[in-house]
1. Work out how much length A:L159 to A:V321 would gain on full extension: take 0.36 nm times their residue separation and subtract the Cα-Cα distance, in nm to one decimal.
2. Only residues of the range B:82-101 count here: report those whose backbone N is under 18 Å from the spot 7 Å along Cα→Cβ of B:Y65, or say none.
3. Evaluate the Debye formula for the protein assembly as shown with equal point scatterers sitting on the alpha carbons, no solvent, and hand back log10 of I(q)/I(0) at q = 0.07 Å⁻¹, in q order, two decimals.
4. Spelling out what I want: for every residue of the range B:140-153, take phi, set θ = phi - 60°, compute 6.51 cos²θ - 1.76 cosθ + 1.60 (Karplus), and round to whole Hz; glycine and proline get x.
5. To the nearest 0.05, how large is the calculated FRET efficiency for B:D158 and B:E219 if R₀ is 41 Å and r is the Cβ-Cβ distance?
6. Near the amide H of B:S260, under 5 Å away, which other amide H atoms are found, from residues 5 or more places off or on another chain, if H is placed in the peptide plane?
7. Using the 2.2 N^0.38 Å rule of thumb for compact globular proteins, work out how the range B:106-147 stacks up: its C-alpha Rg over that value, please.
8. Can you give the average number of partner chain beta-carbon atoms within 10 Å of each beta-carbon in peptide B:216-225, as a whole number?
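Read-outs: derived from the displayed coordinates by stated rules, not from any lab. Since the model is a prediction, treat every value here as computed from it, not as a measurement. Here the Cβ positions follow ideal geometry from the backbone for every residue, glycine too, while neighbour counts run over all protein chains shown.
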Amino acid sequence: MVGKRLWPVLAGVLLLTGVLLSLGIGRVWLNPLVLADSLFQPKPNLAWLILSELRAPRTVLGVLVGASLGLSGAVLQGLLRNPLAEPGLLGVSAGAALGAVLAIYFGLSATFLLATPMMGIAGAIAAALLTLSIGRGGTLTMILAGVAVSGLMAGGVSLALNFAPNLAAVYEITIWLLGTLENSDWDQVLLVAPFILLGWICLAFSARDIDALTLGEAQAESLGVNLARTRLLALAGTALSVGAATAVTGSIGFIGLLAPHIVRPFVGHQPSRVLLPAALFGAILLVFVDVATRAIPTAGQEIRLGVLTSIVGTPFFFWLVVKLRRLSP
Amino acid sequence: MKRRWALAVAACLGLPLAALSGAGSPKKAEPVQAGKPRHIMSIDLCNDLLLMMLVPKERIASVTYLAHDAVEVLMPGADAGIAINHGAAEEVVSQKPDLILASPWATPVLRRLAGKVDAPLVEIDSANSFADIRRITRQIGDLVGEPERAEALIAEMDRKLAYLERRRPARPVEVVAWSATNGVPGRGTLTDEIIRTAGAVNLAARLPDNNFSSFDIEELLAARPDAVMRGRATYDDLSLGDAASEHPVIRRAFKGRQISYPAFLHTCGLPQSADSALQLHAALGKLPQGRPPW
């Protein structure tokens, strides 16, 4: 198949385009030549400040977060053998959101900048531990435990909104939950990058096992797959990478669901082959959607990233449902 | 439908009220100094602060739970022993005030209920200029029967304003009260007037959207103001906006060019809002020479 040889080129070109657009587009229009020239001008100059301190960390974070969502979505769809699986399923995103919301609620976020992402990561790990300790029995138990943990964490967020001391806090929490890459900085990138990379390693180690899992759980076990270990790797990888991602950006839906489905027709249905392309396309999708949030003219605030991914993602979800219905006998 | 619901609530609350007003009737026989309410309730932060400046504690029924932090900055300890309220209609019933100072956004239920307990509810405007502050301070002074005290506060404020008028800087510097998530106060706001009084130019006033507009960090850098004013956290300190405002690029680009101010003196028009202009005037004198380096 031509697609099999062409997709790395296509992905590379798309990712590069997205990164360049992300560096070139913002609320302040600067000529690309001026931007490029600013690297050689005496510093600080305006274009260099905007490029190096605002747009570059935002782009790097977009790539890291998008790749995490795509990769963990692909692993979970393979592990759970369910096309609707996505990173939020195991309660990790909700846990990260609760941790971050608590940081806002208790005013920690106002005292130091990294309190929100740190609490978010702690929340994600706590949620993953809870899912794991309840849902150790099997795949179905783990999904159910994940749904329960998600519900519990969402309840916690609602409680924080319920008890919010003033309207300003409610507003901050709600806006944070919508997800954004706006105002990202290098400190945030440096804080989450180790967690995200560690998560990727865990997820990559589960690749061989999820191939065997396509035959069914019993068959995979008979082939020597340690299912408990695979589940642990997938969960830990998701908790670390997606948890850290959610902790800085807020909840961003649909990328983790979309990316594996987009690449599957090109690379085939072997789960381990989907992982890398899904990660790449997750990054491409997120960077392009983030560019769109900046390019869409709005009077005041930018469109939030999570809002746009949901609006763009829902039609795809419908298409997926229709397609699956047609495929089933 | 909503109206009927509100009426039903008011009716339910009205029954015990009728009983209460019956029980309280002997009180009316007590000699009350004409024109001086003795049990004043404030359900708005800005009114809380003016009330505490104008009348002795004994005559205050309650102030809002929001007031404490601002009081600690403005007049430490002044609210010790004063009851607090949450602006709830039930509190009006239990505290039986003889005057309620509210904002123009008091709920209809509260308004109706105030009528039932015979407590005049007065809605006080929010102030957008020093002229507004004079008017509002006088209005509350008259309402609580302390017009001389109100005039003294106004005179103090006018003395500070006159001082600033005499010391206008030769070169007007451009500042902006910027925050990442909240609007940036432009023309027609108290912040704008405070900036002008201090002898500076408000960058946000030349934006097309003349009230509270918003712009992001890129636009802030491109506008190159001489200084950025940051509202110091007071009662609204639970704000991710404050944290987001601390984007490292702002710390780096506006090093020595950040001026903090107590936010409640800009939110609430108080005679002390002139102090904020004084502070700003002093801070402008300490700014590094010349335009921002980028």
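1. Details: separation 162, 0.36 × 162 = 58.32 nm, distance 3.35 nm.
Here the segment from A:L159 to A:V321 would lengthen by 55.0 nm.
2. So the set is B:82-95.
3. Treating every Cα as an identical point scatterer, log10 I(q)/I(0) equals -0.57.
4. In residue order, the calculated couplings are 5, x, 5, 4, 8, x, 10, x, 5, 4, 4, 5, 4, 4 Hz.
5. Working: r = 37 Å, r/R0 = 0.90.
For R0 = 41 Å, the calculated efficiency reads 0.65.
6. Long-range HN contacts for B:S260: B:R230.
7. After normalising by residue count via 2.2 N^0.38 Å, the value is 1.38.
8. 6
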